[in-house]
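Visitor: Below you'll find the structure I mean.
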Amino acid sequence: MQTILTDFYTLTSYDKAEDGKFTANIHLNKDHDIFKGHFPGNPVTPGVCMMQIIKELTEEFTGSKLFLKTASNVKFMAIINPFETPDLVLQLDIAENEEDVKVKNTTSFGETIALKLSVSYKKISS
């Protein structure tokens with residue numbers, strides 16, 4: 001799996017349902033340099049990094065390179081501290097056609113929902 005977030009997270013496992021829904025389990029690398037600057041002494045996973053993880057997982061699961069077209073209903077609902085909650089569960093409901101991929105995501109740790117978003121990607125040629 002190709003990622004611009006080198007060593008930021010590890011996909012530990014995933015399951016695919018027949019209806020295009022995926023459940024991905026990831027583990028954040030608490031020692032990554034991003035957390036040294038965001039924020040010193042109080043590490044918080046940047047929202048843009050979470051959005052990139054969702055894009056990368058969607059690319060992996062669909063086998064397509066993607067370009068973000070729209071993001072709606074983006075709701076960051078809880079802080080993701082990589083020292084306290086490094087293990088995340090991402091629910092991805094993926095619908096695609098020849099040109100586009102739409103994803104509804106819920107990201108959580110334990111019983112806490114940390115992120116909800118809906119995105120639309122355009123498939124791009126490799």
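Visitor: Give just the number: which of (1) more than 19 Å from Val89 (Cβ to Cβ); (2) among the aromatic types (Phe, Trp, Tyr); (3) modelled with pLDDT of 95 or more does Phe39 not satisfy?
Guide: It is condition (3) that Phe39 fails.
Visitor: Kindly provide the set of residues from the range 23-35 that are under 12 Å from the mean Cα position of the chain (by Cα) and open to solvent by less than 50 Å² (accessible area, probe 1.4 Å), ordered by number.
Guide: Kept after step one, since they are under 12 Å from the mean Cα position of the chain (by Cα), are these residues of the range 23-35: 23-28.
Within the range 23-35, Thr23, Ala24, Asn25, Ile26, Leu28 qualify.
Visitor: Continuing with the same structure: Need the failing condition index for Pro43 against (1) within 19 Å of Leu115 (Cα to Cα); (2) of a type outside the set (S, T, N, Q); (3) under 16 Å from the mean Cα position of the chain (by Cα), just the number.
Guide: That leaves (3) as the condition not met.
Visitor: Scan the range 36-45 for residues that are farther than 27 Å from Phe61 by Cβ and buried (at least 16 other Cβ atoms within 10 Å of the Cβ) and report the count.
Guide: Selection size over the range 36-45: 1.
Visitor: Being modelled with pLDDT of 95 or more, open to solvent by 60 Å² or more (accessible area, probe 1.4 Å) and polar (S, T, N, Q) narrows it down to one residue among Thr58, Thr85, Thr70; which is it? Give the derivation first.
Guide: On the way: Thr58 fails: open to solvent by 60 Å² or more (accessible area, probe 1.4 Å); Thr85 fails: open to solvent by 60 Å² or more (accessible area, probe 1.4 Å).
Result of the check over Thr58, Thr85, Thr70: Thr70.
Visitor: I would also like to ask the following. Consider the range 97-116. How many of its residues are part of a strand (DSSP E or B) and either open to solvent by 10 Å² or more (accessible area, probe 1.4 Å) or not aliphatic (A, V, I, L, M) (or both)?
Guide: Final tally of qualifying residues: 11.
Visitor: Within 26 Å of Glu18 (Cβ to Cβ), crowded, with 18+ Cβ neighbours inside 10 Å and touching a Ser or Thr at 6+ places or on another chain (Cβ under 9 Å): which single residue out of Ile80, Ile94 fits that description? Step through it out loud before you land on a result.
Guide: Working: Ile80 fails: within 26 Å of Glu18 (Cβ to Cβ).
Every option except Ile94 fails the conditions.
Visitor: Here is a further query. Please state which one of Tyr9, Tyr14 is aromatic (Phe, Trp, Tyr), at pLDDT 95 or above and open to solvent by 90 Å² or more (accessible area, probe 1.4 Å).
Guide: Values: Tyr9 fails: open to solvent by 90 Å² or more (accessible area, probe 1.4 Å).
Exactly one residue qualifies, and that residue is Tyr14.
Visitor: Moving to a separate point now. Given (1) of a type outside the set (Gly, Ala, Ser); (2) modelled with pLDDT of 95 or more; (3) more than 15 Å from the chain's Cα centre (by Cα), identify the lone condition not met by Asp19.
Guide: Single failed check for Asp19: (2).
The values are calculated or read from the model by the stated rules, or taken from the named source; none is laboratory data. All figures in this text were calculated on a predicted structure; none of them were measured in a lab. Ideal geometry is used to build each Cβ from the backbone, glycine not excepted, and the neighbour counts take in all protein chains shown. The protein model used for the area step is the full one, side chains on, heavy atoms only, and it has no ligands, DNA or RNA in it. Shrake-Rupley method; radii C 1.70, N 1.55, O 1.52, S 1.80 Å.
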